[in-house]
Amino acid sequence: MGPVSGQVIRKGDQRANPSLPRAGPIEDTVTRPSACVWCGAAAQAPSTRFRADVWKVWECGACGTSYIWPRPTQEQLAPFYRFQTYAAHTYGREDHRSLRNPRRLSQAFAQVEELLGGPGSLLDVGCSVGHYLSEGKERGWRVQGIELDPATVAVARKRSQAPVQVGPGLEVLERSAQFDMILMSHWLEHTLNPRWQFDAAWRHLREGGCLLVRVPNGDSRAARLFGASWTWFYPPVHLTYFGPEAFEVAARQDGRNLLFARAHRGDAQSFPMELGFAAARRLYYLVRGHDLLSPPVRTGVHEGGEHPYRPSLMRLVDVAEDVLPLRAMLGRWEDSELIVLLRQSSSTRAT
Ligand SMILES: [Zn+2]
């Protein structure tokens, strides 16, 4: 019997059933993406940079973006973001003034305020416990946020006294909602549908408004050198790995005004720390047989338990970096984070 329309055929099936047609490769539509999750191009290949044993990573031949495929479900992802166990929320239990490198919060705002001529309305997508909401309010912005985990939303509301919606992304917004600035800080790589979210942000920007995106730089030196041992390779929490080219391609596709897509250190470790962590992670994998950052992922189910990152360790690293003048010495080597700024203008406004 020939294949039924819509039936999935794997290569193994061909050997098992000699009556199936032999000519040409048979498309595995379950595990092979038909198009890039970011730019929609058809040329997709298994990633040679990120080789993971549980979540498969694919790379786009057109925009260079790497991504987990098949995508997990939102239900599979939710447990990873619980307030008690998710590391980024853990740092958030501290006051935002005592966070690692608080200057970065101020820098991001200052950049946009200069373009807009002052503070306006801000939407922080994936606002975690609300650092940016608090900072924005102090600077005179009207702020609101979106966050996935309800317990984290409760903390964000309490700390920032700002409206925060529970949800996976911009689909929770009112259709008519408009903002002067939309911030996606270390969030786009977590979403199941990054391009839809990126496009939705554009629709919710006021004329002249800015979209500020910060993501791990999947094309950084550390990512290229360390691959699946790189600090920010963290499936399935990080689902998509962007390089600068991804944003250049996306801006070109829709005629959007890309002010810059630039690599810098951002929230990353310094390069020597990246090196040390990658070595430790690789060693852990060799000895224990599973990954340091995501042991529960082996079963596809997150059972809870504390994340191996500890804020006190991060603090120690910061002190060490201040004592040894590593930041200044290694500045030009640092490219682990991408910061991208786009601006809505009448000539580029999407309809
Ligand atoms: Zn692509």
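What pairs can you find where one residue is in region 18-44 and within 16 Å of residue 239 (Cα to Cα), the other is at pLDDT 50 or above and among the charged types (D, E, K, R), and their Cβ atoms are less than 6 Å apart, with a gap of 6+ or different chains?
38/195
Would it be correct to say that residue 119 is under 23 Å from residue 211 (Cα atoms), at pLDDT below 80 and away from the ligand (no atom under 16 Å from the Cβ)?
It is false that residue 119 is under 23 Å from residue 211 (Cα atoms), at pLDDT below 80 and away from the ligand (no atom under 16 Å from the Cβ).
Failed condition for residue 289, given (1) surrounded by fewer than 20 Cβ atoms within 10 Å (Cβ to Cβ); (2) within 21 Å of the chain's Cα centre (by Cα); (3) modelled with pLDDT under 90, with all others met?
Tallying (1) surrounded by fewer than 20 Cβ atoms within 10 Å (Cβ to Cβ); (2) within 21 Å of the chain's Cα centre (by Cα); (3) modelled with pLDDT under 90, residue 289 fails exactly one: (2).
Yes/no matrix, rows are residues, columns are (1) closer than 30 Å to residue 272 by Cα; (2) modelled with pLDDT under 95:
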site	(1), (2)
196	no, no
207	no, yes
215	yes, no
219	yes, no
222	yes, yes
225	yes, yes
233	yes, yes
237	yes, yes
240	yes, no
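How do the strands (runs of 3 or more DSSP E) wholly within region 144-262 filter down when requiring 3 or more residues that are in contact (Cβ under 8 Å) with a residue 60 or more places away in the chain and closer than 25 Å to residue 33 by Cβ: which remain?
205-216
Within region 133-152, is even one residue surrounded by fewer than 19 Cβ atoms within 10 Å (Cβ to Cβ) and under 17 Å from residue 78 (Cβ atoms)?
yes
The values are calculated or read from the model by the stated rules, or taken from the named source; none is laboratory data. Please read all numbers here as calculations on a predicted model, not as lab measurements. As a convention, Cβ positions derive from the backbone with ideal geometry for all residues, glycine included, and neighbour counts pool all protein chains shown.
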